[in-house]
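Only one structure is covered here, and it is reproduced in the block below.
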Amino acid sequence: MTIQFIDGKSSKTTEVLARGCRDAAALLCETVGQSIDLMVSQFDFLTMETRLACAEIGDQPALLGASQEFSGDLSGHAYLLFEASQGLTLVRKLLGQHREPDFMTEIDQSALTEIANIVINACLDDLAKGCRGEVRSAVPAPVRGTLATVMRGGAELSAGAMLLCLNLAFRLPEDHVAAELILLTPADAFAGFWQAAVRDIRIPIPIHG
């Protein structure tokens, strides 16, 4: 299966994605009592094979983050992933810790998982509101390793799946931290879901053959 690519930069699409990030940033600010902005810098519709192939160019970085299953009108797996040093920088900043980000403690991992829970749920909730549907999320699980390693949980979807890959920028006082939010979901189900949420753009359609 391949994906018919579209322009994912339309203003309507950006509005939908940005709304979820604003909600996540507001909740993070309330939780940690610090100023923080969260923005989408880029996003793409990709296949699993394409995204993994991109990760294999050059050295594969060690990633930290969390994965979360979701179900309902849209189902699949969501991943919020940071390069290891970036994830630890964000956690230490939000926890008010100032030691060098050289290793991850249990408290660090719990904090990173909660950040992922907030961001993933805010974005899924926003998409669900857009199509007047319902999406239920499971408890997030911490992940660690290369991209291929952490995405094994969604391998059963890969034959008929697509990825919505969002590059995110966390902006804190004196620090910017990059992350990637990946939604892995069946392509045919996502097409109808996305069309309802973003009504004035074309959607990616699976092409067989």
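Scanning region 21-34 for residues that are on the phi < 0 side of the Ramachandran plot and modelled with pLDDT under 85 yields 31, 32, 34. Taken across region 45-60, residues that are of a type outside the set (D, E, K, R), at pLDDT 85 or above and over 20 Å from residue 128 (Cβ atoms) do not occur at all. Entry remark, region 63-80: residues being part of a strand (DSSP E or B) and farther than 12 Å from residue 151 by Cβ number 8 in total.
The values are calculated or read from the model by the stated rules, or taken from the named source; none is laboratory data. Model, not experiment: these values are computed from the prediction. Reconstructed Cβ throughout: ideal geometry from the backbone, glycine too, with neighbour counts over all protein chains shown.
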